[in-house]
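Undergrad: Okay, here's the structure, questions in a sec.
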Amino acid sequence: MQSILVASSKGGCGKSTLSTHLAAHFCVHGKRTALVDLDPQGSSLRWCQRRAAMLDAPLAIDGSQDRWHKAMPDDIQQVVIDAPAGSTPEALKSALKRVDAVLVPVLPAPFDLEATAMFLSALSRVPRVSSGELPIALIANRVRPTTQASQRALAQLHEWPYPVLAELRDSQSYVLLTALGKSLFDYGNEVAQEQQSLWQGVFAYLRKLERRVKPTKG
Ligand SMILES: Nc1ncnc2c1ncn2[C@@H]1O[C@H](COP(=O)(O)OP(=O)(O)OP(=O)(O)O)[C@@H](O)[C@H]1O
Ligand SMILES: [Mg+2]
């Protein structure tokens, strides 16, 4: 089982959009997937409800319950955890103990970079992170390739000591599809495929990580 925490202290950076897309991708590829929503706002849980009628829906787990991990069936292969805005590493302690990686979405804009830098600095003091056991990676979200502001912020982001796995476009597809309980990974048309290709770095990273963590777990 591989568990991924999608987290940032910054609100609105795309945690729920990324979490639901990751969960959808795993489901579509036949993995038994659980999506844990730690956020009382419940965006991911509501997305799961909207998706429930589809065959490839993840198991939805309400992470606002203290002992949510007890609700995890043994046969789950992939766990995605959506964290709330304003989370500190202390508040995420229980999840940080269990996950194999933390993915941090970040919007390419100055306020977002500043807030994310503070979150990453706090995260770097978590023993599992400072020891190198728990990897952290960034996903640039809502990128507008044609704007200078976006490009400047991205250049800055690439200088940080964390891998930038993807630069996801600012696109209404995410807004429209999540509202339907769907994702880009549910479609095979050219437009969807073009957007899906931007996620390749994320899945390559997770596959590599899975190969790395397997021996220690087995
Ligand atoms: N790549 C994208 N392109 C366009 N809109 C996006 C993209 N990613 C997220 N959004 C939109 O941005 C808003 C915030 O996204 P989302 O709810 O996923 O962020 P969040 O980090 O989970 O927010 P919160 O901190 O409130 O939990 C939503 O309206 C979402 O539809
Ligand atoms: Mg959210």
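Bear in mind that the values in this text are calculations on the coordinates, not laboratory data. This structure is a prediction, so every number in the text was calculated from the model and none was measured. Neighbour counts run over all protein chains shown; Cβ positions are idealised from the backbone, glycine included.
Undergrad: Reported to two decimal places, what Rg/Rh ratio describes the stretch 80-129 when computed on Cα atoms with Rh from the Kirkwood expression?
TA: On the way: Rg = 11.1 Å, Rh = 11.7 Å.
Checking Rg against Rh, the ratio lands at 0.95.
Undergrad: Treat the count of other C-beta atoms within 10 Å as a stand-in for reagent exposure and order VAL36, VAL104 from fewest to most. If you can, show how the numbers build up before the last one.
TA: Values: VAL36 29, VAL104 25.
Taking fewest neighbouring Cβ atoms as first place, the list is VAL104, VAL36.
Undergrad: Could you tell me which residue out of GLY86, ALA34, LEU18 lies farthest along the dipole of the stretch 1-117 toward its positive end? Charges go on the beta carbon: Lys and Arg +1, Asp and Glu -1, centred on the Cα centre.
TA: Checking the options against the dipole of the stretch 1-117, the answer is ALA34.
Undergrad: Given +1 on the Cβ of Lys and Arg, -1 on the Cβ of Asp and Glu, and no further charges, what dipole in debye does the stretch 38-163 carry about its Cα centre, rounded to the nearest 20? Don't skip to the answer; put the middle values down first.
TA: Numbers: 13 positive and 13 negative charges, 34 e Å.
It comes to approximately 160 debye.
Undergrad: Also, I was wondering about something else. Could you run the Karplus curve 6.51 cos²θ - 1.76 cosθ + 1.60 with θ = phi - 60° over the stretch 27-40 and give me ³J(HN,Hα) per residue in whole Hz, x for Gly and Pro?
TA: 4, 4, 8, x, 8, 6, 10, 10, 10, 9, 9, 8, 8, x
Undergrad: Taking the Cβ of ARG152 as the centre, find all other residues whose Cβ is under 14 Å away and add up their charges (Lys, Arg: +1; Asp, Glu: -1). Before the final figure, lay out the partial values.
TA: On the way: positive: ARG144; negative: ASP112, GLU114, GLU159, GLU167.
My count for the surroundings of ARG152 gives -3.
Undergrad: Place a +1 charge on the Cβ of each Lys and Arg in the chain and a -1 charge on the Cβ of each Asp and Glu, then give the dipole magnitude about the Cα centre in debye, rounded to the nearest 20.
TA: 420
Undergrad: Can you compute the FRET efficiency between GLN65 and ARG128 using 1/(1 + (r/R0)^6), with r the Cβ-Cβ distance and R0 = 30 Å? Round to the nearest 0.05. All intermediate terms of the calculation are to be shown ahead of the outcome.
TA: Values: r = 23 Å, r/R0 = 0.77.
The computed FRET efficiency comes out at 0.85.
Undergrad: Could I ask something else about it? Determine, for the chain, the count of lysine pairs separated by eight or more sequence positions (or lying on different chains) whose alpha-carbon distance falls under 24 Å.
TA: 24
Undergrad: When all C-alpha to C-alpha distances in the chain are sorted into bins of 10 Å, what percent of pairs does each bin hold, rounded to whole numbers?
TA: Reading the bins upward from 0: 8, 36, 39, 16, 1.
Undergrad: Quick check: residue separation of LYS208 and ALA53 times 0.36 nm, minus the Cα distance between them. What number comes out in nm?
TA: Values: separation 155, 0.36 × 155 = 55.80 nm, distance 3.22 nm.
Result for the pair: 52.6 nm of gain on full extension.
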